[in-house]
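Only the coordinates and a few stated rules stand behind these numbers; no lab work does. These numbers come from a predicted model, not from an experiment. Because the Cβ atoms are built from the backbone with ideal geometry, glycine has one as well, and the counts that use them run over all protein chains shown.
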Amino acid sequence: MVYLIDASVYVFRAYHSQLPDMLDIEQRPVHAVFGFARFLGDLLERTRPELIAVAFDRRLASSY
């Protein structure tokens, strides 16, 4: 099985679905990174893909 993941959608979902109470050492919220990493880890564990690629959209001035 081969997967191509549109990562921006999943980062956006993680950002808006979790409380921003996880902070890094400089007190910046990292809940979106945690949520995306958890999604990716769960996907890899469940599906065991042969190949996987993760793509991010180009940053726009109005993006998050």
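Some points to look at:
- Taking the longest Cα principal axis of the chain as reference, the axis of helix 7-17 is set at about 50 degrees.
- For the chain: Kirkwood Rh in Å [reciprocal of mean 1/r, alpha carbons]: 13.0
- Sorting F12, F34 by the number of Cβ atoms found within 10 Å of their own Cβ, with the fewest placed first, yields F34, F12.
- Relative contact order, percent, the chain [alpha-carbon distance under 8 Å, six or more residues apart]: 49
- Put in line by how crowded their Cβ is, counting other Cβ atoms within 10 Å and starting with the fewest, L40, L23 read L23, L40.
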